[in-house]
Amino acid sequence: MASAKVLHPVKSASEESKVVVVENGKMVDVQDKEITMEGLCSISSYDQWARIPVSGPLPKPRYKHAAAVVQEKMYVFGGNHNGRYLGDMQVLDFKSLSWSKLEAKIQSEEPSDLTGTASLPPCAGHALVPWGNKILCLAGHTREPTESLSVKEFDPQICTWSTLRTYGRSPSSRGGQSVTLVGGTLVVFGGEGDGRSLLNDLHVLDLETMTWDEFETTGTPPSPRSEHAAACYADRYLLIFGGGSHSTCFSDLHLLDMQTMEWSRPEHQGITPEPRAGHAGVTVGENWFITGGGNNKKGVPETLVLNMSTFVWSVVTGLEGRAPPTSEGSSLVLHKVNGEDFLVSFGGYSGRYSNEACLFHQFSSPDAYPCILLNSSLIYSLKSSRKSGVPSGQLNEPETNGLASVAENSSRGVIFEIEELQDEKTIKRADTSKTLLQAVKGEKSHIEEKLNQEELQSSRLKQELANELDLVRNQLSAEEARASQLENEISDLQQRLQKMETLEKESESLRLEKDAESDDSSSGSNQRPADKGFWRWNG
């Protein structure tokens, strides 16, 4: 690989511009007329994405992989390519800007027992989280899913994977979830579980005790979803943005207070983000950068930023074509060099699978000079006018070549004095606390107003129900009165019927007596004495 060169427009005492080439750590003056634009990319404006040309064997194009930065290197693991899960570990060295592939070992439960040069089972939709000088790997879809979520650890020093023992009830296996580092805990939210079931459960892993907890929350949580983005602010607040279900994509923003475990919907300002899923996010100070993703209509080319202290959305830049920042399922990491912030996006899918890396360069000050990089192939940088709020202890990191040279500019010295930065941070924290308090109060008032409306609605429904109940009662009373009247009429008819039956019996009795008297009368006039008759017939 040809040695990397960096050109810095610097100002001399006479304020005349000249070009300085940094080659292998040495400064060499070059006249402007000797610099041709062929093979160069002059970064003259802020907020522009750029492609990183690198050496070494490029990784296989992929999406839904995961990436993490540890000690000047970006580690990329897994992903999906043409429906096949990947299980390789690729490394981009930020010093040499070169790719390489690692042959990792798998360590069994016995520390001295290694199963040889093999990788983890291929997976996609997982998460990589840097923890100290190691990397934690959680969740993801595999060919043979397990019942519960396991935690893997990769040690770059010995290039070895191991499975960490956890306690408590582990979350169910899933992919497309978010895994966020909040203080000394990992917060797992949502994702897609077995049978493509969408989830919105919340699980917390204490990294000190390696114990899982499932907390009960109040408020209204986000609806079940996967492929969303999550961020942590002030080591207390968890933010969830976007994501998708099987039929739609979301653009909603949710906030969880990890101290009170209460969900809320903060009132945001600025632009209205488009619905998206499969996007990536990374925080730089109080700014949350969102790149890529797509919805049912199109991919999303804009790079968004949310100021987490004011909840104001804005567009950083747009990017045409199929670069990683516009892709679905790309990764986004933050790398700090000499106090400067670099956002690196890799891979993704936007009609084709990508294995390119793009760079976003955020300077500490909008007054920083632009820089130009030379190489056997071009590398581009994005400068942001937003301040990152980097702690003062990170302003004096050792110089490196590659990306470190981009941030180097010996002529402009330290941009901020340490005392000014500390004062600014104190003011920002106070403003942030005040803004969050106002946001919480506003949300509380909004909830109370909704509660009052619900109570009024409930009271109205109760009154309507009472009126309907009275009406039914009145109708029932009327029906009961009619039934009583009918019963009286029936009783009267029964009595009259009984009287008629009695009269009929008496009439029949009289008739029988009359018939009997009539028979007796006929017998007395026609009958002779028995002895007279007897002798008559015998004499």
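The values are calculated or read from the model by the stated rules, or taken from the named source; none is laboratory data. What you see is a predicted model; the values in this text were computed from it and never measured. So basically every Cβ, Gly included, is an ideal-geometry build from the backbone, and we count neighbours across all protein chains shown. Remember, those area values only see protein heavy atoms, side chains included, never the ligands or the DNA or RNA. Shrake-Rupley method; radii C 1.70, N 1.55, O 1.52, S 1.80 Å.
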Would it be correct to say that residue 204 is open to solvent by 20 Å² or more (accessible area, probe 1.4 Å) and either part of a strand (DSSP E or B) or closer than 28 Å to residue 87 by Cα (or both)? no
Answer with yes or no whether residue 142 is in the same structural domain as residue 275 (by the TED database), touching a residue at least 40 places away in the same chain (Cβ under 8 Å) and surrounded by 14 or more Cβ atoms within 10 Å (Cβ to Cβ). yes
Return a yes/no flag: does the stretch 109-125 have any residue that is open to solvent by less than 40 Å² (accessible area, probe 1.4 Å), at pLDDT 95 or above and either of a type in the set (Ser, Thr, Tyr) or closer than 27 Å to residue 237 by Cβ (or both). yes
Tell me which residues, restricted to the stretch 131-152, are part of a strand (DSSP E or B) and among the hydrophobic types (A, V, I, L, M, F, W, C). 131, 135, 136, 137, 138, 151
From the residues in the stretch 523-534 that are assigned to a helix (DSSP H, G or I) and loosely packed, with under 10 Cβ neighbours inside 10 Å, which one is modelled with the highest pLDDT? 523
Kindly indicate whether any position in the stretch 446-460 is over 27 Å from residue 262 (Cβ atoms), at pLDDT 75 or above and not assigned by the TED database to the domain that holds residue 308. yes
Residue that is nearest to residue 231 (Cα to Cα), among those in the stretch 153-179 that are in contact with a Phe, Trp or Tyr (Cβ under 6 Å, 6 or more places away or on another chain) and part of a strand (DSSP E or B): 178
Out of the residues in the stretch 214-223 that are part of a loop (DSSP other than H, G, I, E, B) and touching a strand residue (DSSP E or B) at 6+ places or on another chain (Cβ under 8 Å), state the one that is surrounded by the most Cβ atoms within 10 Å (Cβ to Cβ). 222
Being free of Cβ contacts under 8 Å to residues at least 60 places away in the same chain, closer than 21 Å to residue 129 by Cα and of a type in the set (A, V, I, L, M, F, W, C) is the filter here, so list the residues in the stretch 206-233 that pass it. 210, 212, 230, 232
When residues of the stretch 324-345 are limited to those that are farther than 24 Å from residue 81 by Cβ and surrounded by fewer than 24 Cβ atoms within 10 Å (Cβ to Cβ), the one nearest to the chain's Cα centre (by Cα): 334
Could you check how many residues of the stretch 224-256 are in a loop (DSSP other than H, G, I, E, B) and more than 22 Å from residue 439 (Cα to Cα)? 9
Do we have any residue at all in the stretch 182-195 that's of a type in the set (A, V, I, L, M), touching a Phe, Trp or Tyr at 6+ places or on another chain (Cβ under 9 Å) and within 23 Å of residue 81 (Cβ to Cβ)? no
So, residue 494, is that one open to solvent by 100 Å² or more (accessible area, probe 1.4 Å), at pLDDT 85 or above and either under 60 Å from the mean Cα position of the chain (by Cα) or among the hydroxyl-bearing types (Ser, Thr, Tyr) (or both) or not? no
So which of 194, 257, 252 ends up being open to solvent by 40 Å² or more (accessible area, probe 1.4 Å) and of a type in the set (D, E, K, R)? 194
How many of the residues making up the stretch 65-89 are of a type outside the set (D, E, K, R) and within 13 Å of residue 344 (Cβ to Cβ)? 6
Starting from the stretch 72-86, keep only residues that are closer than 20 Å to residue 100 by Cα and of a type in the set (D, E, K, R), then list their pairs with residues that are open to solvent by less than 10 Å² (accessible area, probe 1.4 Å) and at pLDDT below 95 whose Cβ atoms are within a distance under 6 Å, requiring at least 6 positions of separation or different chains. 72/94
If a residue must be part of a loop (DSSP other than H, G, I, E, B) and open to solvent by less than 20 Å² (accessible area, probe 1.4 Å), how many such residues does the stretch 262-288 contain? 4
Can you find a residue in the stretch 155-172 that is in contact with a Pro (Cβ under 8 Å, 6 or more places away or on another chain), among the polar types (S, T, N, Q), open to solvent by 30 Å² or more (accessible area, probe 1.4 Å) and in the same structural domain as residue 296 (by the TED database)? no
Residues (among the aliphatic types (A, V, I, L, M) and out of contact with any His (no Cβ under 6 Å at 6 or more places or on another chain)) located in the stretch 184-226: 186, 187, 198, 199, 202, 204, 205, 207, 210
Note on the stretch 238-256: residues more than 15 Å from residue 304 (Cβ to Cβ) and out of contact with any strand residue (DSSP E or B) (no Cβ under 6 Å at 6 or more places or on another chain) are 246, 247, 248
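Yes/no matrix, rows are residues, columns are (1) open to solvent by less than 30 Å² (accessible area, probe 1.4 Å); (2) within 16 Å of residue 138 (Cα to Cα); (3) at pLDDT below 90; (4) in the same structural domain as residue 178 (by the TED database):
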| position | (1), (2), (3), (4) |
| --- | --- |
| 65 | yes, yes, no, yes |
| 70 | yes, no, no, yes |
| 73 | no, no, no, yes |
| 78 | yes, yes, no, yes |
| 86 | yes, yes, no, yes |
| 91 | yes, no, no, yes |
| 95 | no, no, yes, yes |
| 101 | no, no, no, yes |
| 104 | yes, no, yes, yes |
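Just to be sure, is residue 276 touching a residue at least 12 places away in the same chain (Cβ under 8 Å), in contact with a helix residue (DSSP H, G or I) (Cβ under 9 Å, 6 or more places away or on another chain) and among the basic types (Lys, Arg)?
No.
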